[in-house]
Each structure stands twice: as structure tokens, then as C-alpha cells.
Amino acid sequence: MRSTYPSSEPLATSAAEGPKHHSITELAREFDITPRTIRFYEDLGLLQPARVGRQRVYAPRDRTRLGLILRGKRLGFSLHEAKALVMMYESPADTEPQLQAFLQAIQAHRTHLEGQMADIRATLTELQAHEARCRALLAAEHQQAISLASP
């Protein structure tokens, strides 16, 4: 359930007053993503901003969660996996199960990437062979054209 801040409370506060809250525009600018992306993560339950009237107000917790989600995406994790990572980050202090789950996710993802890398290497080798064959055929055609043009 979303909480709301009283409309008289400022969005940004000084360090002495407490943490700074962010607007959707500020977060979008900071993380170089669109507000639509942030709303999408909100719809998935990954972010839970408060509201001041119709305006979304993101707490430092939301900012941290957004950073973790985007880091997971950069590492190639699905949103489901990124959500699991965020949930692990916020769960109680019993870290061994969390770390084991995280290690399994990393190992599975690494195995997947290594498979993709092998496929890419094989494709590059094939492309190099086709490129060499095309260049050889072009050189042969060019040589034949020269020999036909010579008296």
C-alpha cells in the first residue's frame, strides 16, 4: 500500500532534516532512462513511490532499488531475476541463503553468456571464411577482366 506525504512537506530536505526525496523526472535524468520505464517498474511492483497529490515521490529506498534493477539489467538478468536480487538486498540478515541463490543466478547467467560467446566466435569464424572467399572471387574476376582487356 502506498503512503502519501502531507502536501505541506517539501520533496527535498536537507541532511539535517532527513533524506532527499526525488521526482520521477529527477530519477529519469539521473539514471538516463525514461519516466515511462520508471512507471513500468512501478507497475511491476519493483518501485513503490509515495504520492503528493498526483505527483510520484520517490524515497532514497526507491532510488537504491532502481539502481539495483538497472545494474541487474546491465548484467543481463531478466526483470524477474533483478526483482529477486532486489528482494534479497532488502531481506533480513540471514545472508547465506541469499548468497547461495545469488551465486546460482550468477553461475547460470555466466554459463548462458559463455554459450552465447561460443556461438558468436563460431559465427565470426564462418563470416571470416565467407569474407575471404568473396574477396578471392572478386580478385579472380578482377584478374580475369584485366587479362581480357589486355591485347
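The values are calculated or read from the model by the stated rules, or taken from the named source; none is laboratory data. Everything numeric here is computed off the predicted structure, so don't read it as measured data. Here the Cβ positions follow ideal geometry from the backbone for every residue, glycine too, while neighbour counts run over all protein chains shown.
A compact table of results
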{"item": "Selection from the stretch 110-141 of residues that are of a type in the set (Gly, Ala, Ser) and over 29 Å from the mean Cα position of the chain (by Cα)", "result": "Ala129, Ala132, Ala136, Ala139, Ala140"}
{"item": "In the stretch 1-56, residue modelled with the highest pLDDT [restricted to those that are part of a loop (DSSP other than H, G, I, E, B) and of a type in the set (D, E, K, R)]", "result": "Asp32"}
{"item": "Residue ID - surrounded by the fewest Cβ atoms within 10 Å (Cβ to Cβ), chosen from residues in the stretch 38-62 that are in contact (Cβ under 8 Å) with a residue 24 or more places away in the chain and under 13 Å from Thr25 (Cβ atoms)", "result": "Gln55"}
